[in-house]
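A short worksheet on the structure shown next.
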Amino acid sequence: MQIIKYYFPLAIFLIITVSSCSFNEIDSSKAKACSDGYLDALKSGNKEDALKFYSSEFDNSESPEKKMEKLQRLEEVLGPVTSYELLDSLRVSEGDFPAMSFTYKVMHPKVNTIEKFIIIKDAGDYKITAHQVESEN
């Protein structure tokens, strides 16, 4: 009986720890579908759909009009997205949250870019929480 009293709390602790870790896991294929979806929306010319892939935190940082204006300016400078290829992916964390990082080479008629996305789970959906665009050197 003493053994049960000793090991029972330890067993409960381990069960909770293991289940909470798997609860917060991020599915890399679903996360990749988010960044691919964003790029596919831009490739098809649908900037409004592209903006739907951003997280609520990202949405709160600027008005939709300001974001749309930035996408329009990028397209004027770079040209529209014609194709893209995944260069790298890795598991990262964004604060206390598990995340995925994806780096793409994105082809445009004028200037190609290297774009890095950080994808998190936001209210159960996979969303872009950070997006970095650099011209390819």
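Please treat every number below as a calculation from the coordinates, not as lab data. Values in this document were obtained by computation on a predicted structure and should not be read as measured data. Note that we place each Cβ from the backbone using ideal geometry, even for glycine, and neighbour counts take in every protein chain shown.
Could you tell me whether the stretch 51-71 includes any residue that is touching an Asp or Glu at 6+ places or on another chain (Cβ under 9 Å), among the basic types (Lys, Arg) and closer than 21 Å to Glu134 by Cβ?
Yes, the conditions are met somewhere in the stretch 51-71.
Restricting attention to the stretch 61-71, which residues are surrounded by 11 or more Cβ atoms within 10 Å (Cβ to Cβ) and either in contact (Cβ under 8 Å) with a residue 24 or more places away in the chain or among the basic types (Lys, Arg) (or both)?
The answer is Lys67, Lys70, Leu71.
Give me a count of the residues in the stretch 72-86 that are free of Cβ contacts under 8 Å to residues at least 40 places away in the same chain, closer than 9 Å to His108 by Cα and of a type in the set (S, T, N, Q).
The qualifying residues number 1.
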